[in-house]
């Protein structure tokens, strides 16, 4: 059964990562998994670091490692605003593991409930999600 395509744009602070039509989005919000298809009801959601899947025509699935951010769905369009989005095939597991070790060390050294601890926790969660996506490539 063919699905109706709709426009999706992924934006990061560095610029546009993706801007094309898809048949479905699959990602993780702060309250759980969500799938978005054409004509979805309007939605504004906080996104967690996770694997973002864009289902395209013909069964093709584009996989991204997605950092925290937001998704807005309205008028048969979706805009995904995230700190970082990297195609799964472009991930470097060794580099991610090195960064993860560094951020874990920073987390251990940070004072409890400090801004440094919160930053380290966010980066550890992001890098763990990216490493999981890289492992599934």
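Readers should treat all values here as calculations from the given coordinates under stated rules, not as data from a laboratory. These numbers were taken from a predicted model, which means no experiment stands behind them. Cβ coordinates were reconstructed from backbone atoms using ideal geometry, including for glycine residues, and neighbour counts include every protein chain displayed.
Among 115, 60, 84, which one shows the biggest mean-square fluctuation in a GNM of the chain, springs joining Cα atoms closer than 10 Å? Taking springs between Cα atoms under 10 Å, the residue moving most is 115. Between helix 93-109 and the chain, what is the angle of the helix's C-alpha long axis to the longest principal axis, kept within 0 to 90° and rounded to the nearest 10? Roughly 50 degrees, rounded to the nearest 10. Over the C-alpha trace of the stretch 76-116, radius of gyration and Dmax come out as 15.3, 46 angstrom.
Highest mobility in the GNM of the chain, judged by mean-square fluctuation with C-alpha springs under 10 Å and restricted to 27, 89, 41, is found for 41.
Result for the chain in a Gaussian network model with C-alpha springs under 10 Å: among 53, 104, 126, the largest mean-square fluctuation is at 104. The long axis of helix 115-135 is offset from the longest Cα principal axis of the chain by roughly 60 degrees. Each 5 Å bin from zero up to the one holding the largest Cα-Cα distance in the stretch 92-135 carries the following percent of pairs: 5, 28, 29, 19, 12, 5, 1.
Across the stretch 1-54, Cα-Cα pairs farther apart than 17 Å form 41% of the total. Volume per residue for the stretch 6-88 equals 75 cubic angstrom (convex hull of Cα atoms). Extension gain for the segment residue 3 to residue 105, taken as residue separation times 0.36 nm less the Cα-Cα distance, is 32.1 nm to one decimal.
All alpha carbon pair distances within the stretch 36-137 were sorted into 5 Å bins beginning at 0; the resulting P(r) in whole percents reads 2, 13, 18, 20, 18, 12, 9, 5, 3, 1, 0.
Placing a pseudo-label 7 Å from each Cα along the Cα-to-Cβ vector at residue 43 and residue 18 gives an inter-label distance of 1.4 nm.
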